[in-house]
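Remarks on the structure that follows.
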Amino acid sequence: MLLLVDQKDRRYLLTLESNLEFHSHSGFVSHNDLIGKEDGITVKSTGGLEYLALRPTMSDVILKMPRSAQIIYPKDIGPILIAADIAKGDKVLESGVGSGALSIALLRAGANVTGIEIREDFAQRARKNVEAFFSDITISDRYRVIIGDAYEQLNGSDYDRIVLDIPEPWRVIDHVENCLRPGGILVSYSPSIMQVSRLTDRLKEDSFAMTKTQEILSRSWHVDGRAVRPDHRMVAHTGFITSTRYLGS
């Protein structure tokens, strides 16, 4: 993969292939002029527009990759990884894989991920996005997506972490108790505070402790000499992150 950035900071994610071309309003750039080149070179389109060519970060890929469902944004993915305390070798169950954004982050952190997704088209998109991101290494031994309904059953047992991105997370708590090891961490991502409220009430009925909910607001700044101010736009509410520890039955 390659990221092209123009002079207005517009970003374009490419999968390079011989003899293909990237087209824009200002002509095209041949993939042949980019394959094998060093990071950070500048290329010109046939119309004279300059692009900076860089290897994309994980955040770049997540924001630009094809989607079948709404993704969890990078500003929330980082805190989710911290809240779940994801480490290399952790056995993680992810329910609601969507387009695979969180799967990519979990795998890159070294986890072994089993995903549960009710929709086959979402599962296929997640698999393709994961395979594209890890195109240079084999990831199939650490990632699988099962078609299933998390409200009916969570597959497997002895998970170190469970991460949920589903509309009614309180409905799976009975299943969580059967497959999350004592001391394990459950993290749920919800767009609505009423979802959080119902989940928190349900957690109080069973052996969970240290429950915490947070919302991440991201504000960038304009810094140019002594002209320093917050940017006019910010990424405010996207979702709530609720984490809790399972104490065992």
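Every number in this text was worked out from the coordinates using simple rules, so none of it is lab data. Remember, it's a predicted structure, so these values are computed and weren't measured experimentally. Positions of Cβ are backbone-derived with ideal geometry, glycine not excepted, and every protein chain shown enters the neighbour counts.
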Order by protection proxy (mean Cβ within 10 Å, highest first), peptides 135-147, 41-53, 110-122
110-122, 41-53, 135-147
Would you mind checking the tilt of helix 74-83 against the longest principal axis of the Cα atoms of the chain, expressed as 0 to 90 degrees and rounded to 10?
40 degrees
The chain, relative contact order in percent, only Cα pairs under 8 angstrom and at least six apart counted
14 percent
To the nearest 10 degrees, how steep is helix 193-203 against the longest Cα principal axis of the chain, on a 0 to 90 scale?
40 degrees
Between residue 69 and residues 5 or more places away or on another chain, the pairs with built amide H atoms under 5 Å apart involve 99
More than 29 angstrom separation, counting every C-alpha pair in the stretch 60-246; what % is that?
21 percent
HN-Hα couplings for the stretch 93-101 via Karplus (6.51, -1.76, 1.60; θ = phi - 60°), in whole Hz with x for Gly/Pro, come out as 9, 10, 10, x, 6, x, 9, x, 4
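Checking the table 37/128; 44/64; 75/212; 8/75; 91/212 against a 24 Å threshold on Cα-Cα, which pairs fail?
Values: 37/128 26 Å; 44/64 22 Å; 75/212 18 Å; 8/75 22 Å; 91/212 22 Å.
Over 24 Å apart, Cα to Cα: 37/128.
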For residue 94, list long-range residues whose amide hydrogen, built 1.01 Å from N in the peptide plane, is under 5 Å from its own amide hydrogen.
114, 115, 116, 163
How far, in degrees from 0 to 90, does helix 120-133 lean away from the longest principal axis of the Cα atoms of the chain, to the nearest 10?
50 degrees
Förster radius 51 Å - calculated FRET efficiency between residue 137 and residue 222, Cβ distance, rounded to 0.05
0.85
Between the alpha carbon centres of the stretch 197-249 and the stretch 76-125 the gap in Å comes to 18 Å
Under Karplus coefficients 6.51, -1.76 and 1.60, residue-wise ³J(HN,Hα) of the stretch 34-48 in Hz, glycine/proline x:
10, 5, x, 7, 6, 4, x, 6, 10, 10, 10, 6, 5, x, x
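Once the piece of chain linking residue 43 and residue 236 is laid out straight, how much longer is it, given 0.36 nm per residue of separation minus the C-alpha distance between them? Intermediate values should be presented prior to the final figure.
On the way: separation 193, 0.36 × 193 = 69.48 nm, distance 3.49 nm.
Residue separation times 0.36 nm, minus the Cα-Cα distance, leaves 66.0 nm.
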